[in-house]
1. Tabulate in residue order the Karplus-calculated ³J(HN,Hα) for region 421-437, using 6.51 cos²θ - 1.76 cosθ + 1.60 with θ = phi - 60°, rounded to whole Hz; enter x for Gly and Pro.
2. Give the calculated FRET efficiency between Val140 and Met2 to the nearest 0.05, with a Förster radius of 51 Å applied to their Cβ-Cβ distance.
3. Mind giving me the nanometre distance, one decimal, between the label points for Glu205 and Cys503, set 7 Å out from Cα along Cα→Cβ?
4. So how do 494-500, 180-186 stack up, highest first, on mean other-Cβ count within 10 Å?
5. How would you rank 230-237, 60-67, 424-431, 296-303, highest first, on the average number of other Cβ atoms within 10 Å across their residues?
6. Tell me which residues come under 5 Å, amide H to amide H, from Trp309 once H is placed; ignore anything under 5 positions away on its chain.
7. Which length gain, in nm to one decimal place, applies between Lys280 and Ile540 when the Cα-Cα distance is subtracted from 0.36 nm times their residue separation?
8. Over the alpha carbons of region 314-552, what is the largest minus smallest coordinate on each principal axis, giving the biggest first in Å?
Amino acid sequence: MMEQEILSKMEAAISVMQRYVELGHSLSCAYSGGKDSTCALVLMVEAIRRAGGTTINHHVQSADTTIENPIISNFLHSVLDELQLYVEASALPVQIHVTTPSLASQFVVSTIGRGTLVRTPENGVRDGRRTRACADEWKVRPGGRLRTLLERRATDDGAREVITVLGLRRDESISRAVAMSERRDSAEVAVRSRTGALTLSPLSEWTSDDVWTMLALLADTESLPFPSPLMPRTIHRLSEIYRAGNGGTCGVVVGDSGARAACGSRFGCSFCLVAGERDKSLEAMIEDEQYGHLRPLNDFRNYLLAIQWDMSRRELVGRSLSDAGYTRIQADTYSYLTRVGLLKMLCSIDAAERDRAEAHSGALSSGSIPDTEENRLLCEPQFEFVTPQQLVAIDFFLSMHHYAPHAFPALAVWHDVNVLGRRYPIPTLESLPKPDIVLHGWYPVGRYDKEAPATGLRSFDAEQWNAYRHPGRPGRYARTTGGEQTVYFEEASQFEVDAEAACLFVTCTYDTAFMLDTQHRDAIDSAHFWLNEGIVKLPIGIRVGRGDMRGRRAASRRSISRKLRSSRWMRKRHACSSPAPTTQLSCWTRNIATRSIQRISG
């Protein structure tokens, strides 16, 4: 009886989408890899197949935030590969797209390179409404850019508007039901969203049991109601993932007789803090031996949550100027040492995963573990959270920080972990209560080179050697729109890093000798290098002027900090008969640095 009911719902959903295809609309399924979007994907593909003879292109779009739960991310990409083979074999006009956030807004670059605080329920409320800036930057904006492109292509193909097919259900939660009612989401009629886009929610009135019943049909070759783009073993794999995320009891699909219990597993980003104090699905998964390698991800997430209100891990910065030329100083972004510490932990997590995969492969080869499909998959590293491309982007931003001690600060951390073999464990900390954000006062901001020369992004070395190293260039240097002379740089539509060049430099060029040779160079020299060699490209417009200002600010802060440190040290030497302990000197340095920031922050 239940199967007949779900078959009727499936046919109704297919019929609605087929009608829109025949009317000349282009369909685009937003696929996340979860159970609901999997059902929506299968139904949409079947509607396109039944429409037959259509020349209009349809689409499947997925979002890769770069920090997705590795199990879901790997499953999603395997599904997309499987779907690609199906549409090619069936000659269906379906194209597959995967969006990613812009490099500068990706989690590791934004948090470690730029010090952006991670999103939590406490800092995700604005004007009384809960907002998720991370979702906006990592999914909504990239998806919006893709949709604009698809709309343009649809117009060129003579198609009507693109309709986005969503796997949303009112049954998921009360808040989801309220949001869908406000938008008037429908399974029968495409509705226009706040952005003006047409959306269709074919599963809007389905229950969780309906979803699992449909998946049960797809998991059994004898009960397939129509040709499915996904193999039964793929559906079984999806069910196993949900079961692991629900403590071992969840929607087990084994054909007609399979149990189809409701499942509350919710998967998102590996380091998602918006979920609250615990990521229950991830915690449940790591209790399964098959997913034990994900435990460091949960530890890192909990560490981020524990330090969110630790003001000692933040920097005193000024964000904007008043009309009178003053800036207010408060603790805001992560401090330099905190960022470097996070980078050490993430690089250690990546390195440990490679070590695990190598040991697992050896165990499989020696027969210590059974030769199963799951064990063969685990012979490869399951994730990499800091790629060479992201590492170079992080290095570019860190090298313009006034506390960076030398050139290539991020690459030195990578080398420390991956070449020298050091590992940095994730400490277990107790979360601190939310404090009042202290205002340290208003300070006048003048020229950053008022007390000491500051060259910013200008590189005298590059100007000297570019005529020989890059004779084909029109000039040895560049200028900002404000007229400041800077190192040569190239522009792109947004902040970019040449992935191939970054990988080559990080893994081949930056060896121990290179690392040691650059320890005495100023930190900003590596920013000069990335720009001058064209590995880093800046956004078209005024961003290079901002970068130059950031470089001048950092140089000025370093210069004043050194001057104050030197004078304070000389006074202490005259006052003391013996050298000060290292810990005491570190304390003096912190105090001097704090006053330096308060004095010149902008």
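1. x, 6, 10, 10, x, 8, x, 9, 10, 8, 5, 8, x, 5, x, 6, 7
2. On the way: r = 36 Å, r/R0 = 0.71.
Between Val140 and Met2 the formula returns 0.90.
3. It works out to 5.0 nm between the two label points.
4. Values: 494-500: 17.0, 180-186: 14.3.
So the order, starting with the most tightly packed, is 494-500, 180-186.
5. 60-67, 296-303, 230-237, 424-431
6. So Trp309 has HN proximity to Leu432.
7. Full extension of this stretch gives 89.3 nm more.
8. Cα extents, longest axis first: 71, 57, 34 Å.
No value in this document is a laboratory result; all are computed from the given coordinates. This is a predicted model, so every value here is computed, not measured. All Cβ positions, even for glycine, are placed from backbone atoms using ideal geometry, and neighbour counts span all protein chains on display.
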